[in-house]
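K.L.:
Before anything else, here's the structure in question.
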Amino acid sequence: MQTLPLVTHSALDKTVAWRKGTAISVEKFLMDATYLAALLPHSKHVLNICRDRYQFTVGLAAAIISNKVSLLPPTHTPEMVQQLQAFSAEVFCLHDNDYCDIALPCLRYPMVMPEHRLECNAANMTIPQIDVQQLVAVVFTSGSTGAPIPHSKSWGSLVQNVQAQAERLGLIADGNYSIVGTIPPQHMYGFESTVLLPLQSGNALSSAQPFYPVDICSALEATPSPRLLVSTPLHLRLLLEAELKLPQLAIVLSATAPLSTSLAHKVEASCKAPLLEIYGSTETGQIATRRTAQAVEWQLFPGVQLTQRGENLWAEGGHVELPVPLNDIIEPAGTAHFLLHGRKRDLINIAGKRSSLANLNHHLNAIEGVIDGAFFMPDEVSYDHVTRLSACVVAPSLTASTLLTALRVRIDPVFLPRPLLFVESLPRNSTGKLPRDALQKLIATYMNQDVNGIIPGLKIPP
């Protein structure tokens, strides 16, 4: 049986996490995980919704050493919880809230962890070795029918993935990096880059989950350098717009949404650190990176290959356990590099002219005065059989005529949005993504109202 360690830190007194300005050693982490493991119910599956990143990681470790499987769905809505119950009738919820409204048997993360425990001390403690074949997580994606699709993750594939990431980032084993993330640990990107990466590179995670710019700065200040910020284009853009003094950074990571070259340049100039963008998916995990300010091509992780099968490109090899079809428009550039042209479902063809939602969104958000914006393409065609794009924009200093004039310079007139809706904010989730159904509901709310009605968060453009 081949095994890999739960953590790769060279000694038990090494720092594995920072929580509220306090260093947590590997020894303390293992003691906490062992104690929590003894409290877990006998059920096989656990829904770990702990917001504190350290407590989430302890819960993950406790599940792994108990041979339990962590379920990581995209949301925690009542409907999703019911679907998890259909997947596993005995699933239970681990949380760190004073009140948890998840309709499952619940276990609260212990408020206080005993410091001295029988049969668990530094004298007899060893780092657990985990079977590489052990199933440790099931990550869900939203299926076309609404039912979540499970994707199993073994310990070996996850470790191979994040160790390849550590090598690509140049993280030195036991290099004392502090890794701060703005995305939840339950998200695949956050799971890999803010939980597994520090555990498998000998570095330390931050327990914080900051969202607003001032909180991001505070979380960074609470950890020692060198610092690595794991974030998204949305968080990075808001951080720059806040014009706050940033603590020194060594590396910035971005994922979950396309990152423009202009924003990449601004981030590198402001943070005085290289910014690397990650490409991947829930199905594959991360498979490529690029330094967006310097290159348009993506570089695959070692061992990962792109193979043409029919009309689709498939990712396979390396940490990817089974071949996975990619849902993006990809142009191979040799065996180890490729160009990314957007998602297949984002392709638009109007009157014989082609574009993509990603391209249109890029031009919309590049207009000075636009804080946030997104195009939307309806499922159905209009009565004249011509698709009418709409767009929502957060731009309190602009008028509709000014914005449309700026768009005409950047995009073909056939792609101009009809209607153009001015809103107070877009319904982005905690990772900065804008779910299509949420944008569709926002637009429907406006379109179903009388033009003279008052609609919260919306105004008719002048």
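K.L.:
Pop a pseudo-label 7 angstrom from the Cα along the beta-carbon direction at both Asp13 and Asn97 and give the gap in nm to one decimal.
P.N.:
Calculated label separation equals 4.1 nm.
K.L.:
So how do 408-420, 216-228 stack up, highest first, on mean other-Cβ count within 10 Å?
P.N.:
216-228, 408-420
K.L.:
What order do you get for 322-333, 175-186, 101-112 when each peptide is scored by the mean count of other beta carbon atoms within 10 Å, highest first?
P.N.:
Top of the packing list down: 175-186, 322-333, 101-112.
K.L.:
A further question on this structure: Provide the FRET efficiency to the nearest 0.05 for the Lys44-Ile172 pair, computing r from the beta carbons and using R0 = 60 Å.
P.N.:
0.95
K.L.:
From the phi of every residue in the range 175-187, what ³J(HN,Hα) in whole Hz does the Karplus formula 6.51 cos²θ - 1.76 cosθ + 1.60 yield, where θ is phi - 60° and glycine or proline is x?
P.N.:
Each residue of the range 175-187 in turn: x, 6, 6, 9, 10, 10, x, 9, 10, x, x, 6, 6 Hz.
K.L.:
Additional query: Provide the net charge surrounding Gly285, with neighbours chosen by a C-beta distance below 10 Å and charges set as Lys +1, Arg +1, Asp -1, Glu -1.
P.N.:
Neighbour charge sum, excluding Gly285 itself: -2.
K.L.:
Beyond 36 Å, what percent of the Cα pairs of the chain remain? Before the final figure, lay out the partial values.
P.N.:
Numbers: 33793 of 106491 pairs.
Here the tail beyond 36 Å accounts for 32 percent of pairs.
K.L.:
Another one. Once amide H atoms are built 1.01 Å from N in the peptide plane, which residues 5 or more positions from Leu313, or in another chain, come under 5 Å H to H?
P.N.:
Long-range HN contacts for Leu313: Leu326.
K.L.:
Which ordering of Asp32, Asp13, Asp52 is given by a fewest-first count of other beta-carbon atoms within 10 Å? Each step should come with its number before you reach the end.
P.N.:
Values: Asp32 24, Asp13 12, Asp52 17.
Neighbour counts put them in this order, fewest first: Asp13, Asp52, Asp32.
K.L.:
Provide the gained length on full extension for the span Ala86 to Lys20, in nm with one decimal, where the gain is 0.36 nm per separating residue minus the Cα-Cα distance. Don't skip to the answer; put the middle values down first.
P.N.:
Details: separation 66, 0.36 × 66 = 23.76 nm, distance 3.80 nm.
Difference between extended and current length: 20.0 nm.
K.L.:
A further question follows. Can you give the local net charge around Leu404? Use residues other than it whose beta-carbon is closer than 12 angstrom to its beta-carbon, Lys and Arg +1, Asp and Glu -1.
P.N.:
Once positives and negatives cancel, what remains is +3.
K.L.:
Using 31 Å as the Cα-Cα cut-off, could you pick out the over-long pairs in Lys28/Lys272; Lys245/Lys433; Lys272/Lys441; Lys153/Lys245; Lys28/Lys68?
P.N.:
Over 31 Å Cα-Cα: Lys28/Lys272; Lys272/Lys441; Lys153/Lys245.
K.L.:
Under unit Cβ charges (Lys, Arg +1; Asp, Glu -1), what dipole magnitude, rounded to 20 debye, does the range 3-342 have relative to its Cα centre?
P.N.:
400 debye
K.L.:
Sorted by mean Cβ packing within 10 Å, highest first, what order do the peptides 252-259, 297-304, 272-279 take?
P.N.:
So the peptides 252-259, 297-304, 272-279, ranked by packing, come out 252-259, 272-279, 297-304.
K.L.:
A follow-up question, please. Which one of Leu71, Thr289, Asn176 has its Cα pushed farthest toward the positive end of the charge dipole of the range 3-342, where Lys and Arg give +1 and Asp and Glu give -1 at the Cβ?
P.N.:
Farthest towards the positive end: Asn176.
K.L.:
To the nearest 20 debye, what is the magnitude of the charge dipole of the range 150-244 about its Cα centre, counting +1 on the Cβ of each Lys and Arg and -1 on the Cβ of each Asp and Glu?
P.N.:
On the way: 4 positive and 7 negative charges, 51 e Å.
Rounded to the nearest 20 debye, it is 240 debye.
K.L.:
Could you compute how fast the range 244-328 diffuses translationally, taking Rh as the Kirkwood radius over C-alpha pairs and applying Stokes-Einstein at 37 °C with viscosity 0.692 mPa s? Give it in µm² per second.
P.N.:
It diffuses with D of about 231 µm²/s by this estimate.
K.L.:
If you add up the charges near Pro417, with Lys and Arg at +1 and Asp and Glu at -1, over every other residue whose beta carbon is less than 14 angstrom from its beta carbon, what do you get?
P.N.:
+3
K.L.:
Go ahead and run the numbers for FRET between Met113 and Leu347, Cβ-Cβ distance against an R0 of 45 Å, rounding to 0.05.
P.N.:
0.30
K.L.:
Could you give the length gained on full extension between Ile329 and Ser397, defined as 0.36 nm per residue of separation minus the Cα-Cα distance, in nm?
P.N.:
Working it through step by step, the gained length comes to 20.9 nm.
K.L.:
Now for a separate question. Round to the nearest 0.05 the FRET efficiency obtained for Asp437 and Thr126 when R0 = 51 Å and r is the Cβ-Cβ distance. Mind showing how you got there, number by number?
P.N.:
Details: r = 48 Å, r/R0 = 0.94.
FRET efficiency, Asp437 to Thr126: 0.60.
Bear in mind that the values in this text are calculations on the coordinates, not laboratory data. Since we're looking at a predicted model, the values are computed, not measured. Neighbour counts run over all protein chains shown; Cβ positions are idealised from the backbone, glycine included.
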